[in-house]
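One structure below.
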Amino acid sequence: METVSRKNQTWALGIVLFFSLVSIITYSYNEYYIYLSAYLWFGFIYGMCLQYGRFCFASAFRDLFAVGVPRMVVGIMIATVLFAFVSAFVTATGISTFHSSPTSIHSVIAGLVFGVGMVFAGGCASGSLYKTGEGNGVAFLVILSISITQAMFVDVGGWLNKLVPASWTESALSKGLPEGLDVGNGWVDQYLAGYVWNQPVTSFAKMLGFENESFLGAYFGNLIVGVVVPALLLLMVVYLFYARSSRAMEPGGGTGGGIGEDIKGFWGMLISSKRTALAGLILGVACGLQMFVMEGLRIKFGVRNAGEILQRLGSDYGLSMRGTVFDPGYWYVTTQEAQWVGWLLQKLGWKNMDNIFFGYINGIPNPALNPADWMSLALIGGAAVMALMSNEFKFKKPTRELAFLAVIGGALMGVGSRLGLGCNVGGFFVRVANGDPAGWLFGLGMIGGAFLGVKALNWWTERKMEKELIHLDL
Amino acid sequence: MPKSFAAVLLIVAIFLGYLIGYSIPPFLHAGVFSSREEKGVAVEIDEDMEKYYEQLYQQDEDE
(Lines give C-alpha, C1' and ligand atoms only; values in the text may rest on other atoms or scores of the structure.)
Protein backbone atom coordinates (compact mmCIF):
# COMPACT_ATOMS: atom_id res chain seq x y z
CA MET A 1 0.00 0.00 0.00
CA GLU A 2 1.48 3.35 -1.04
CA THR A 3 1.99 6.27 1.35
CA VAL A 4 -1.29 7.74 2.51
CA SER A 5 -1.47 11.43 3.40
CA ARG A 6 -2.20 12.39 7.00
CA LYS A 7 -5.31 14.22 5.83
CA ASN A 8 -6.71 11.08 4.18
CA GLN A 9 -5.93 8.99 7.25
CA THR A 10 -7.66 11.53 9.53
CA TRP A 11 -10.77 11.56 7.34
CA ALA A 12 -10.88 7.77 7.18
CA LEU A 13 -10.58 7.46 10.95
CA GLY A 14 -13.15 10.23 11.35
CA ILE A 15 -15.68 8.30 9.26
CA VAL A 16 -15.20 5.04 11.13
CA LEU A 17 -15.35 6.86 14.49
CA PHE A 18 -18.58 8.55 13.42
CA PHE A 19 -20.23 5.19 12.71
CA SER A 20 -18.80 3.82 15.96
CA LEU A 21 -20.33 6.68 17.92
CA VAL A 22 -23.69 6.23 16.20
CA SER A 23 -23.67 2.56 17.22
CA ILE A 24 -22.53 3.15 20.80
CA ILE A 25 -24.82 6.12 21.55
CA THR A 26 -27.94 4.56 20.03
CA TYR A 27 -27.26 1.25 21.78
CA SER A 28 -26.81 3.06 25.10
CA TYR A 29 -30.15 4.77 24.49
CA ASN A 30 -32.02 1.58 23.63
CA GLU A 31 -30.84 -1.99 23.14
CA TYR A 32 -33.06 -2.47 20.06
CA TYR A 33 -30.80 -0.14 18.08
CA ILE A 34 -28.30 -2.97 17.81
CA TYR A 35 -30.58 -4.33 15.07
CA LEU A 36 -29.93 -1.20 12.99
CA SER A 37 -26.24 -1.20 13.88
CA ALA A 38 -25.93 -4.74 12.54
CA TYR A 39 -27.09 -3.46 9.15
CA LEU A 40 -24.70 -0.53 9.51
CA TRP A 41 -21.52 -2.55 10.10
CA PHE A 42 -22.25 -5.10 7.39
CA GLY A 43 -22.93 -2.22 5.01
CA PHE A 44 -19.59 -0.74 5.98
CA ILE A 45 -17.82 -4.02 5.19
CA TYR A 46 -19.64 -4.31 1.85
CA GLY A 47 -18.49 -0.79 0.96
CA MET A 48 -14.86 -1.61 1.78
CA CYS A 49 -15.00 -4.81 -0.31
CA LEU A 50 -16.76 -3.19 -3.27
CA GLN A 51 -14.21 -0.39 -3.47
CA TYR A 52 -11.27 -2.74 -3.02
CA GLY A 53 -12.50 -5.19 -5.67
CA ARG A 54 -13.91 -2.53 -8.07
CA PHE A 55 -17.06 -4.59 -7.90
CA CYS A 56 -19.07 -2.91 -10.67
CA PHE A 57 -21.17 -4.92 -13.11
CA ALA A 58 -21.42 -2.01 -15.55
CA SER A 59 -17.65 -1.63 -15.81
CA ALA A 60 -17.28 -5.39 -16.08
CA PHE A 61 -19.62 -5.81 -19.05
CA ARG A 62 -18.51 -2.57 -20.70
CA ASP A 63 -14.88 -3.79 -20.58
CA LEU A 64 -15.95 -7.14 -22.02
CA PHE A 65 -18.21 -5.97 -24.83
CA ALA A 66 -16.47 -2.70 -25.73
CA VAL A 67 -12.79 -3.69 -25.56
CA GLY A 68 -12.87 -7.47 -25.07
CA VAL A 69 -11.28 -7.45 -21.58
CA PRO A 70 -12.90 -10.19 -19.46
CA ARG A 71 -10.94 -9.66 -16.19
CA MET A 72 -13.71 -8.08 -14.12
CA VAL A 73 -16.54 -10.30 -15.45
CA VAL A 74 -14.41 -13.29 -14.47
CA GLY A 75 -13.81 -11.76 -11.03
CA ILE A 76 -17.54 -11.24 -10.50
CA MET A 77 -18.34 -14.82 -11.54
CA ILE A 78 -15.68 -16.17 -9.17
CA ALA A 79 -17.04 -13.94 -6.41
CA THR A 80 -20.55 -15.31 -7.06
CA VAL A 81 -19.30 -18.91 -6.80
CA LEU A 82 -17.40 -18.14 -3.58
CA PHE A 83 -20.48 -16.45 -2.12
CA ALA A 84 -22.52 -19.50 -3.15
CA PHE A 85 -20.24 -21.76 -1.07
CA VAL A 86 -20.94 -19.61 1.99
CA SER A 87 -24.66 -19.45 1.18
CA ALA A 88 -24.87 -23.24 0.85
CA PHE A 89 -23.36 -23.59 4.33
CA VAL A 90 -25.76 -20.99 5.76
CA THR A 91 -28.75 -22.64 4.08
CA ALA A 92 -27.75 -26.14 5.23
CA THR A 93 -27.52 -24.95 8.83
CA GLY A 94 -31.08 -23.61 8.60
CA ILE A 95 -30.29 -19.98 9.43
CA SER A 96 -30.66 -18.46 5.99
CA THR A 97 -32.94 -15.43 5.72
CA PHE A 98 -33.08 -15.76 1.92
CA HIS A 99 -36.37 -16.27 0.07
CA SER A 100 -36.54 -17.16 -3.62
CA SER A 101 -38.39 -14.86 -5.94
CA PRO A 102 -41.04 -15.74 -8.57
CA THR A 103 -39.44 -17.21 -11.68
CA SER A 104 -40.62 -16.25 -15.14
CA ILE A 105 -39.74 -14.27 -18.25
CA HIS A 106 -40.34 -11.01 -16.35
CA SER A 107 -36.88 -11.43 -14.75
CA VAL A 108 -35.22 -11.50 -18.19
CA ILE A 109 -37.06 -8.37 -19.33
CA ALA A 110 -36.26 -6.60 -16.06
CA GLY A 111 -32.60 -7.55 -16.37
CA LEU A 112 -32.53 -6.28 -19.96
CA VAL A 113 -33.85 -2.85 -18.95
CA PHE A 114 -31.47 -2.76 -15.98
CA GLY A 115 -28.49 -3.81 -18.14
CA VAL A 116 -29.02 -1.05 -20.71
CA GLY A 117 -29.42 1.45 -17.86
CA MET A 118 -26.25 0.49 -16.01
CA VAL A 119 -24.10 0.85 -19.14
CA PHE A 120 -25.61 4.27 -19.89
CA ALA A 121 -25.11 5.36 -16.29
CA GLY A 122 -21.55 4.05 -16.12
CA GLY A 123 -22.24 2.15 -12.90
CA CYS A 124 -24.60 -0.53 -11.60
CA ALA A 125 -26.55 -0.16 -8.35
CA SER A 126 -23.71 -1.37 -6.11
CA GLY A 127 -21.02 0.25 -8.26
CA SER A 128 -22.72 3.64 -8.03
CA LEU A 129 -22.82 3.37 -4.24
CA TYR A 130 -19.11 2.64 -3.85
CA LYS A 131 -18.18 5.22 -6.49
CA THR A 132 -20.20 7.80 -4.55
CA GLY A 133 -17.95 6.91 -1.63
CA GLU A 134 -14.99 7.77 -3.85
CA GLY A 135 -16.42 11.25 -4.37
CA ASN A 136 -17.83 10.59 -7.84
CA GLY A 137 -20.61 13.09 -8.62
CA VAL A 138 -21.95 11.09 -11.59
CA ALA A 139 -22.46 8.05 -9.36
CA PHE A 140 -24.34 10.19 -6.85
CA LEU A 141 -26.63 11.41 -9.64
CA VAL A 142 -27.23 7.80 -10.67
CA ILE A 143 -28.33 6.93 -7.12
CA LEU A 144 -30.66 9.92 -7.06
CA SER A 145 -32.15 8.92 -10.40
CA ILE A 146 -32.63 5.27 -9.36
CA SER A 147 -34.24 6.35 -6.10
CA ILE A 148 -36.66 8.91 -7.55
CA THR A 149 -37.67 6.73 -10.51
CA GLN A 150 -38.47 3.75 -8.30
CA ALA A 151 -40.45 5.79 -5.77
CA MET A 152 -42.59 7.26 -8.53
CA PHE A 153 -42.84 4.16 -10.72
CA VAL A 154 -44.35 2.01 -7.96
CA ASP A 155 -47.21 4.45 -7.44
CA VAL A 156 -48.14 5.80 -10.86
CA GLY A 157 -51.39 4.82 -12.49
CA GLY A 158 -53.30 7.12 -14.83
CA TRP A 159 -52.62 6.39 -18.49
CA LEU A 160 -50.28 3.54 -17.49
CA ASN A 161 -53.35 1.64 -16.27
CA LYS A 162 -54.41 1.37 -19.90
CA LEU A 163 -51.31 -0.74 -20.58
CA VAL A 164 -52.30 -3.33 -17.98
CA PRO A 165 -53.77 -6.55 -19.44
CA ALA A 166 -57.30 -7.22 -18.18
CA SER A 167 -56.20 -10.61 -16.83
CA TRP A 168 -53.69 -8.93 -14.51
CA THR A 169 -56.32 -6.54 -13.15
CA GLU A 170 -58.78 -9.38 -12.61
CA SER A 171 -56.17 -11.54 -10.88
CA ALA A 172 -54.93 -8.65 -8.71
CA LEU A 173 -58.44 -7.77 -7.57
CA SER A 174 -59.22 -11.40 -6.76
CA LYS A 175 -56.31 -11.61 -4.28
CA GLY A 176 -58.42 -10.11 -1.48
CA LEU A 177 -55.84 -7.52 -0.52
CA PRO A 178 -56.76 -4.95 2.20
CA GLU A 179 -59.23 -2.24 1.23
CA GLY A 180 -56.73 0.49 1.98
CA LEU A 181 -54.79 -0.58 -1.08
CA ASP A 182 -55.84 0.79 -4.43
CA VAL A 183 -54.83 -2.38 -6.29
CA GLY A 184 -56.85 -1.63 -9.42
CA ASN A 185 -55.02 1.65 -9.89
CA GLY A 186 -51.29 1.53 -10.58
CA TRP A 187 -49.28 -0.38 -13.16
CA VAL A 188 -46.81 -1.93 -10.71
CA ASP A 189 -49.56 -3.02 -8.28
CA GLN A 190 -51.37 -4.93 -11.01
CA TYR A 191 -48.10 -6.28 -12.37
CA LEU A 192 -47.14 -7.61 -8.93
CA ALA A 193 -50.47 -8.94 -7.68
CA GLY A 194 -51.86 -9.86 -11.10
CA TYR A 195 -48.81 -11.42 -12.71
CA VAL A 196 -45.61 -11.82 -10.65
CA TRP A 197 -47.25 -13.38 -7.60
CA ASN A 198 -48.83 -16.03 -9.85
CA GLN A 199 -45.42 -17.27 -11.03
CA PRO A 200 -43.72 -20.29 -9.42
CA VAL A 201 -41.27 -19.73 -6.59
CA THR A 202 -38.58 -22.38 -6.61
CA SER A 203 -34.89 -23.15 -6.23
CA PHE A 204 -32.52 -25.54 -7.99
CA ALA A 205 -32.70 -27.81 -4.92
CA LYS A 206 -36.51 -27.99 -5.09
CA MET A 207 -36.44 -28.56 -8.85
CA LEU A 208 -34.27 -31.63 -8.19
CA GLY A 209 -36.62 -32.84 -5.47
CA PHE A 210 -34.57 -31.82 -2.39
CA GLU A 211 -35.36 -29.53 0.52
CA ASN A 212 -33.29 -26.34 0.52
CA GLU A 213 -32.01 -27.03 4.04
CA SER A 214 -30.93 -30.60 3.31
CA PHE A 215 -27.25 -31.32 2.63
CA LEU A 216 -27.94 -32.48 -0.93
CA GLY A 217 -30.31 -29.61 -1.57
CA ALA A 218 -27.94 -26.89 -0.36
CA TYR A 219 -24.64 -28.27 -1.68
CA PHE A 220 -25.61 -30.31 -4.74
CA GLY A 221 -28.84 -28.67 -5.94
CA ASN A 222 -28.26 -25.02 -5.14
CA LEU A 223 -24.45 -24.86 -5.20
CA ILE A 224 -23.17 -27.35 -7.78
CA VAL A 225 -26.11 -27.49 -10.21
CA GLY A 226 -27.40 -23.98 -9.57
CA VAL A 227 -24.17 -22.01 -9.45
CA VAL A 228 -20.91 -23.86 -10.17
CA VAL A 229 -22.00 -25.56 -13.43
CA PRO A 230 -23.69 -22.51 -15.02
CA ALA A 231 -20.83 -20.24 -13.89
CA LEU A 232 -18.27 -22.61 -15.45
CA LEU A 233 -20.25 -22.68 -18.69
CA LEU A 234 -20.42 -18.89 -18.74
CA LEU A 235 -16.68 -18.60 -18.03
CA MET A 236 -15.96 -21.05 -20.85
CA VAL A 237 -18.00 -18.93 -23.25
CA VAL A 238 -16.10 -15.83 -22.10
CA TYR A 239 -12.80 -17.68 -22.59
CA LEU A 240 -13.68 -18.94 -26.07
CA PHE A 241 -15.06 -15.67 -27.39
CA TYR A 242 -12.85 -13.11 -25.63
CA ALA A 243 -9.86 -14.33 -23.56
CA ARG A 244 -8.72 -16.94 -26.09
CA SER A 245 -8.57 -14.52 -29.00
CA SER A 246 -6.76 -11.82 -26.99
CA ARG A 247 -4.32 -14.49 -25.73
CA ALA A 248 -3.59 -15.49 -29.32
CA MET A 249 -2.47 -11.94 -30.02
CA GLU A 250 -0.02 -11.85 -27.08
CA PRO A 251 3.68 -12.49 -27.81
CA GLY A 252 4.33 -16.17 -27.16
CA GLY A 253 0.62 -16.84 -26.68
CA GLY A 254 -1.42 -18.93 -29.02
CA THR A 255 -4.13 -21.46 -29.40
CA GLY A 256 -2.21 -23.96 -31.42
CA GLY A 257 -1.17 -26.07 -28.42
CA GLY A 258 -4.39 -28.05 -28.23
CA ILE A 259 -6.49 -28.63 -25.14
CA GLY A 260 -3.50 -28.34 -22.77
CA GLU A 261 -2.86 -24.82 -23.97
CA ASP A 262 -6.55 -23.98 -23.55
CA ILE A 263 -6.64 -25.31 -19.98
CA LYS A 264 -3.56 -23.21 -19.19
CA GLY A 265 -5.21 -20.19 -20.80
CA PHE A 266 -8.47 -20.77 -18.95
CA TRP A 267 -6.65 -21.00 -15.61
CA GLY A 268 -4.68 -17.86 -16.47
CA MET A 269 -7.97 -16.05 -17.09
CA LEU A 270 -9.34 -17.20 -13.72
CA ILE A 271 -6.36 -16.02 -11.70
CA SER A 272 -6.05 -12.70 -13.51
CA SER A 273 -8.66 -11.08 -11.28
CA LYS A 274 -7.43 -11.86 -7.78
CA ARG A 275 -8.51 -8.52 -6.35
CA THR A 276 -12.17 -8.85 -7.40
CA ALA A 277 -12.21 -12.52 -6.39
CA LEU A 278 -10.76 -11.78 -2.95
CA ALA A 279 -13.33 -9.01 -2.46
CA GLY A 280 -16.00 -11.49 -3.55
CA LEU A 281 -14.83 -14.05 -1.01
CA ILE A 282 -14.99 -11.51 1.83
CA LEU A 283 -18.36 -10.28 0.52
CA GLY A 284 -19.62 -13.85 0.53
CA VAL A 285 -18.47 -14.51 4.08
CA ALA A 286 -19.90 -11.15 5.20
CA CYS A 287 -23.26 -11.86 3.52
CA GLY A 288 -23.43 -15.23 5.25
CA LEU A 289 -22.49 -13.71 8.60
CA GLN A 290 -25.11 -11.00 8.16
CA MET A 291 -27.80 -13.65 7.68
CA PHE A 292 -26.54 -15.37 10.84
CA VAL A 293 -26.48 -12.18 12.92
CA MET A 294 -29.86 -10.88 11.70
CA GLU A 295 -31.55 -14.21 12.38
CA GLY A 296 -29.93 -14.34 15.82
CA LEU A 297 -31.21 -10.86 16.64
CA ARG A 298 -34.70 -11.77 15.43
CA ILE A 299 -34.76 -14.80 17.71
CA LYS A 300 -33.36 -12.73 20.59
CA PHE A 301 -36.02 -10.01 20.26
CA GLY A 302 -38.80 -12.38 19.19
CA VAL A 303 -39.55 -10.56 15.96
CA ARG A 304 -39.78 -11.52 12.31
CA ASN A 305 -39.42 -8.03 10.90
CA ALA A 306 -37.81 -4.73 11.85
CA GLY A 307 -41.26 -3.09 11.84
CA GLU A 308 -41.81 -4.54 15.30
CA ILE A 309 -38.43 -3.18 16.43
CA LEU A 310 -39.34 0.30 15.18
CA GLN A 311 -42.67 0.10 16.95
CA ARG A 312 -40.93 -0.81 20.21
CA LEU A 313 -38.63 2.16 19.65
CA GLY A 314 -41.77 4.31 19.59
CA SER A 315 -41.87 4.94 15.84
CA ASP A 316 -44.85 3.46 14.01
CA TYR A 317 -44.77 6.07 11.28
CA GLY A 318 -44.41 4.65 7.78
CA LEU A 319 -44.98 1.01 8.71
CA SER A 320 -46.84 -1.01 6.10
CA MET A 321 -50.40 -2.23 6.67
CA ARG A 322 -48.95 -5.46 8.03
CA GLY A 323 -46.69 -3.58 10.42
CA THR A 324 -43.61 -4.40 8.36
CA VAL A 325 -40.76 -2.45 6.84
CA PHE A 326 -38.12 -3.53 4.36
CA ASP A 327 -35.87 -5.90 6.32
CA PRO A 328 -34.24 -8.46 4.01
CA GLY A 329 -31.68 -9.71 6.55
CA TYR A 330 -28.98 -9.65 3.87
CA TRP A 331 -27.37 -7.34 1.35
CA TYR A 332 -29.79 -5.32 -0.77
CA VAL A 333 -29.48 -1.98 -2.53
CA THR A 334 -32.40 -0.53 -4.44
CA THR A 335 -35.50 -0.97 -2.28
CA GLN A 336 -34.16 1.27 0.49
CA GLU A 337 -33.25 3.86 -2.13
CA ALA A 338 -36.91 3.91 -3.20
CA GLN A 339 -38.01 4.16 0.42
CA TRP A 340 -36.18 7.31 1.36
CA VAL A 341 -37.54 9.17 -1.66
CA GLY A 342 -40.97 7.65 -0.97
CA TRP A 343 -40.76 9.04 2.56
CA LEU A 344 -39.75 12.46 1.24
CA LEU A 345 -42.53 12.47 -1.36
CA GLN A 346 -45.08 11.64 1.31
CA LYS A 347 -43.81 14.49 3.45
CA LEU A 348 -44.36 16.72 0.42
CA GLY A 349 -47.98 15.54 0.17
CA TRP A 350 -47.85 12.60 -2.24
CA LYS A 351 -50.22 9.84 -1.02
CA ASN A 352 -48.13 6.78 -1.73
CA MET A 353 -49.12 4.31 0.97
CA ASP A 354 -51.98 2.89 -1.09
CA ASN A 355 -49.68 0.85 -3.32
CA ILE A 356 -48.40 -2.68 -2.67
CA PHE A 357 -44.68 -1.82 -2.69
CA PHE A 358 -44.82 0.78 0.07
CA GLY A 359 -48.22 0.29 1.69
CA TYR A 360 -48.37 -3.50 1.91
CA ILE A 361 -44.75 -4.72 1.94
CA ASN A 362 -41.91 -2.30 2.60
CA GLY A 363 -43.39 0.76 4.28
CA ILE A 364 -41.67 4.14 4.23
CA PRO A 365 -40.10 4.58 7.65
CA ASN A 366 -38.13 7.65 8.57
CA PRO A 367 -34.74 7.20 6.82
CA ALA A 368 -33.03 7.86 10.17
CA LEU A 369 -34.66 4.69 11.49
CA ASN A 370 -34.67 2.60 8.32
CA PRO A 371 -32.34 -0.41 8.86
CA ALA A 372 -31.56 -0.88 5.17
CA ASP A 373 -30.82 2.85 4.80
CA TRP A 374 -28.27 2.52 7.59
CA MET A 375 -26.67 -0.25 5.52
CA SER A 376 -26.48 1.84 2.33
CA LEU A 377 -25.12 4.94 4.07
CA ALA A 378 -22.49 2.88 5.86
CA LEU A 379 -21.66 1.20 2.54
CA ILE A 380 -20.82 4.61 1.08
CA GLY A 381 -18.78 5.33 4.23
CA GLY A 382 -16.87 2.05 3.99
CA ALA A 383 -16.08 2.71 0.33
CA ALA A 384 -14.91 6.23 1.23
CA VAL A 385 -12.57 4.85 3.90
CA MET A 386 -11.01 2.40 1.45
CA ALA A 387 -10.73 5.08 -1.25
CA LEU A 388 -9.06 7.48 1.21
CA MET A 389 -6.65 4.78 2.34
CA SER A 390 -5.63 3.99 -1.22
CA ASN A 391 -5.43 7.63 -2.33
CA GLU A 392 -8.34 7.11 -4.71
CA PHE A 393 -10.80 9.54 -3.14
CA LYS A 394 -11.45 12.58 -5.30
CA PHE A 395 -14.49 14.81 -5.76
CA LYS A 396 -15.46 14.60 -9.42
CA LYS A 397 -18.03 17.02 -10.76
CA PRO A 398 -20.17 15.52 -13.53
CA THR A 399 -20.03 17.03 -17.02
CA ARG A 400 -23.37 17.85 -18.65
CA GLU A 401 -23.14 14.85 -20.97
CA LEU A 402 -22.32 12.39 -18.17
CA ALA A 403 -25.04 13.88 -15.97
CA PHE A 404 -27.58 13.33 -18.75
CA LEU A 405 -26.49 9.72 -19.19
CA ALA A 406 -26.53 9.21 -15.41
CA VAL A 407 -30.13 10.38 -15.14
CA ILE A 408 -31.34 8.30 -18.10
CA GLY A 409 -29.35 5.23 -17.04
CA GLY A 410 -30.42 5.58 -13.43
CA ALA A 411 -34.07 5.82 -14.46
CA LEU A 412 -33.80 2.64 -16.54
CA MET A 413 -32.12 0.87 -13.62
CA GLY A 414 -34.88 2.07 -11.31
CA VAL A 415 -37.56 0.64 -13.59
CA GLY A 416 -35.59 -2.58 -14.13
CA SER A 417 -35.12 -3.03 -10.39
CA ARG A 418 -38.81 -2.78 -9.67
CA LEU A 419 -39.75 -5.09 -12.54
CA GLY A 420 -37.19 -7.66 -11.41
CA LEU A 421 -37.74 -7.13 -7.66
CA GLY A 422 -34.05 -6.32 -7.26
CA CYS A 423 -30.92 -4.99 -8.90
CA ASN A 424 -27.57 -6.56 -9.81
CA VAL A 425 -27.14 -7.38 -6.10
CA GLY A 426 -30.61 -8.39 -4.86
CA GLY A 427 -31.84 -9.54 -8.27
CA PHE A 428 -28.71 -11.34 -9.46
CA PHE A 429 -25.76 -11.75 -7.07
CA VAL A 430 -27.65 -12.79 -3.93
CA ARG A 431 -30.29 -14.82 -5.80
CA VAL A 432 -27.85 -16.78 -7.96
CA ALA A 433 -25.62 -17.55 -4.97
CA ASN A 434 -28.65 -18.90 -3.09
CA GLY A 435 -29.79 -21.22 -5.87
CA ASP A 436 -32.71 -19.14 -7.14
CA PRO A 437 -33.20 -19.69 -10.92
CA ALA A 438 -34.78 -16.22 -11.18
CA GLY A 439 -31.32 -14.78 -10.49
CA TRP A 440 -29.88 -16.38 -13.63
CA LEU A 441 -32.85 -15.17 -15.68
CA PHE A 442 -32.23 -11.62 -14.43
CA GLY A 443 -28.51 -12.10 -15.19
CA LEU A 444 -29.19 -13.28 -18.74
CA GLY A 445 -31.33 -10.21 -19.36
CA MET A 446 -28.72 -7.98 -17.74
CA ILE A 447 -25.94 -9.34 -19.99
CA GLY A 448 -28.14 -8.83 -23.07
CA GLY A 449 -29.02 -5.33 -21.91
CA ALA A 450 -25.37 -4.48 -21.26
CA PHE A 451 -24.49 -5.69 -24.78
CA LEU A 452 -27.20 -3.51 -26.33
CA GLY A 453 -26.20 -0.59 -24.12
CA VAL A 454 -22.54 -0.83 -25.20
CA LYS A 455 -23.55 -0.98 -28.88
CA ALA A 456 -25.85 2.05 -28.46
CA LEU A 457 -23.18 4.04 -26.63
CA ASN A 458 -20.58 3.17 -29.28
CA TRP A 459 -22.94 4.31 -32.01
CA TRP A 460 -23.64 7.56 -30.18
CA THR A 461 -19.93 8.24 -29.52
CA GLU A 462 -18.93 7.52 -33.12
CA ARG A 463 -21.69 9.78 -34.41
CA LYS A 464 -20.55 12.56 -32.08
CA MET A 465 -16.93 12.19 -33.14
CA GLU A 466 -17.89 12.29 -36.82
CA LYS A 467 -19.74 15.57 -36.22
CA GLU A 468 -16.74 17.03 -34.39
CA LEU A 469 -14.41 15.99 -37.20
CA ILE A 470 -16.65 17.66 -39.77
CA HIS A 471 -16.45 20.90 -37.74
CA LEU A 472 -12.65 20.59 -37.59
CA ASP A 473 -12.48 20.15 -41.39
CA LEU A 474 -14.49 23.31 -41.86
CA MET B 1 -0.11 -1.17 6.05
CA PRO B 2 -0.56 2.26 7.69
CA LYS B 3 -1.38 2.15 11.38
CA SER B 4 -4.59 4.10 10.75
CA PHE B 5 -5.81 1.42 8.34
CA ALA B 6 -5.01 -1.25 10.91
CA ALA B 7 -7.03 0.82 13.41
CA VAL B 8 -9.98 0.91 10.99
CA LEU B 9 -9.84 -2.86 10.56
CA LEU B 10 -9.59 -3.32 14.33
CA ILE B 11 -12.65 -1.15 14.98
CA VAL B 12 -14.65 -3.01 12.32
CA ALA B 13 -13.51 -6.34 13.78
CA ILE B 14 -14.54 -5.29 17.31
CA PHE B 15 -18.06 -4.32 16.23
CA LEU B 16 -18.41 -7.40 14.04
CA GLY B 17 -17.17 -9.64 16.85
CA TYR B 18 -19.62 -8.05 19.26
CA LEU B 19 -22.52 -8.57 16.84
CA ILE B 20 -21.62 -12.20 16.25
CA GLY B 21 -21.17 -12.81 19.96
CA TYR B 22 -24.50 -11.12 20.64
CA SER B 23 -26.32 -13.38 18.14
CA ILE B 24 -24.98 -16.75 19.23
CA PRO B 25 -26.80 -17.16 22.60
CA PRO B 26 -30.28 -16.72 21.04
CA PHE B 27 -29.48 -19.53 18.60
CA LEU B 28 -28.33 -21.78 21.43
CA HIS B 29 -31.35 -20.82 23.53
CA ALA B 30 -33.73 -21.58 20.66
CA GLY B 31 -32.07 -24.93 20.02
CA VAL B 32 -31.00 -24.15 16.47
CA PHE B 33 -27.69 -25.99 16.84
CA SER B 34 -29.15 -28.83 18.89
CA SER B 35 -30.98 -31.96 17.84
CA ARG B 36 -34.33 -30.34 18.67
CA GLU B 37 -36.60 -30.75 15.66
CA GLU B 38 -38.38 -27.42 15.91
CA LYS B 39 -35.81 -24.71 15.23
CA GLY B 40 -36.00 -21.10 16.33
CA VAL B 41 -39.09 -19.30 17.46
CA ALA B 42 -42.04 -18.73 15.21
CA VAL B 43 -43.44 -15.23 15.48
CA GLU B 44 -46.41 -14.29 13.37
CA ILE B 45 -48.37 -11.11 13.19
CA ASP B 46 -51.81 -11.97 14.53
CA GLU B 47 -55.06 -10.74 13.04
CA ASP B 48 -55.64 -8.12 15.75
CA MET B 49 -52.28 -6.57 15.05
CA GLU B 50 -52.96 -6.59 11.33
CA LYS B 51 -56.30 -4.80 11.92
CA TYR B 52 -54.50 -2.29 14.14
CA TYR B 53 -52.06 -1.38 11.38
CA GLU B 54 -54.83 -1.11 8.78
CA GLN B 55 -56.78 1.22 11.05
CA LEU B 56 -53.65 3.19 11.77
CA TYR B 57 -53.22 3.74 8.07
CA GLN B 58 -56.88 4.75 7.61
CA GLN B 59 -56.57 7.25 10.45
CA ASP B 60 -53.63 8.83 8.65
CA GLU B 61 -55.71 9.01 5.47
CA ASP B 62 -58.61 10.69 7.29
CA GLU B 63 -56.28 13.29 8.76
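The values are calculated or read from the model by the stated rules, or taken from the named source; none is laboratory data. The structure displayed is predicted, hence computed values, not measured ones. Heads up, the Cβs are rebuilt from the backbone with ideal geometry, glycines too, and the neighbour counts pull from every protein chain shown. The area values use the complete protein model at the heavy-atom level, side chains included, leaving out ligands, DNA and RNA. Shrake-Rupley method; radii C 1.70, N 1.55, O 1.52, S 1.80 Å.
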Listing of region A:1-38 residues, each with accessible area lower by at least 30 Å² in the full protein assembly than in the chain alone (probe 1.4 Å): A:Met1, A:Gln9, A:Leu13, A:Val16, A:Tyr27, A:Ile34
Cα-based shape type of region A:373-474, given that a ≥ b ≥ c are square roots of the gyration tensor eigenvalues and the cut on a/c is 1.5: oblate
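Per the 1.4 Å probe, what fraction of the accessible area of region A:65-148, in percent, lies on carbon and sulfur atoms?
On the way: 1740 of 2260 Å².
About 77 percent, which is the carbon plus sulfur part of the accessible surface.
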Using alpha carbons only: equivalent-ellipsoid semi-axes of region A:6-469, gyration tensor based, whole Å: 34, 26, 25
At least 30 Å² of accessible area lost relative to the chain alone, listed for region A:84-111 with a 1.4 Å probe: A:Ile95
Other protein chain Cβ atoms within 10 Å, averaged over every residue that makes up B:3-14: 5
Summed buried accessible surface, chains A and B, 1.4 Å probe, nearest 100 Å²: 3600 Å²
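Which value, in Å², gives the accessible area per residue of the protein assembly as shown when a 1.4 Å probe is used on the protein heavy atoms? Write down the numbers at each step before the final one.
On the way: 23610 Å² over 537 residues.
Accessible area per residue: 44 Å².
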Residues with amide H under 5 Å from that of A:Lys396, placed H, sequence gap 5 or more: A:Asn136, A:Gly137
For region A:428-474 and region A:173-204, distance of Cα centres in Å: 31 Å
Computed E for A:Leu17/A:Lys396 - FRET, C-beta separation, R0 30 angstrom, nearest 0.05: 0.70
Helix A:6-29 axis, angle to chain A major axis (alpha carbon atoms, nearest 10°): 20 degrees
For region A:363-387 versus region A:289-329, the gap between their alpha-carbon centres in whole angstrom: 16 Å
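Here is the link list: A:Lys396/A:Lys464; A:Lys162/A:Lys206; A:Lys397/B:Lys3; A:Lys131/A:Lys455; A:Lys394/B:Lys3. Which ones come out longer than 26 Å on Cα distance? List each step's numbers first, then the result.
Numbers: A:Lys396/A:Lys464 23 Å; A:Lys162/A:Lys206 37 Å; A:Lys397/B:Lys3 31 Å; A:Lys131/A:Lys455 24 Å; A:Lys394/B:Lys3 22 Å.
Distance filter (> 26 Å) returns A:Lys162/A:Lys206; A:Lys397/B:Lys3.
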Debye equation applied to the C-alpha atoms of region A:65-191, log10 I(q)/I(0) at 0.13, 0.21, 0.22 Å⁻¹: -0.87, -1.25, -1.28
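What does the helix-only formula give at 222 nm for chain A: each DSSP H stretch with n ≥ 4 adding -39500 (n - 2.57), the total divided by the residues, and the result rounded to the nearest 500 deg cm²/dmol? Walk me through the intermediate numbers first.
Values: 20 runs with 300 residues, N = 474.
Calculated from helices alone, the mean residue ellipticity at 222 nm is -20500 deg cm²/dmol.
Grab the Cα-Cα distance for A:Leu216 and A:Val67, subtract it from 0.36 nm times how many residues apart they are, and report the gain in nm with one decimal. Display every interim value, and only then the final one.
Values: separation 149, 0.36 × 149 = 53.64 nm, distance 4.08 nm.
Fully extending the segment from A:Leu216 to A:Val67 adds 49.6 nm.
Within 10 Å of each Cβ in peptide A:295-307, how many partner chain Cβ atoms are there on average? Round it to a whole number, please.
5
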Kirkwood hydrodynamic radius (C-alpha pairs) into Stokes-Einstein, region A:324-444, 4 °C and 1.567 mPa s, D in µm²/s: 80 µm²/s
Interface residues, region A:277-294 - accessible area loss of 30 Å² or more versus chain alone, probe 1.4 Å: A:Leu289, A:Phe292, A:Val293
Spin-label pair A:Val156/A:Lys467, simplified geometry with 7 Å Cα→Cβ offset, distance in nm: 2.6 nm
Per-residue HN-Hα couplings for region A:406-412 [Karplus 6.51, -1.76, 1.60; θ = phi - 60°; Hz; x = Gly/Pro]: 5, 5, 5, x, x, 5, 5
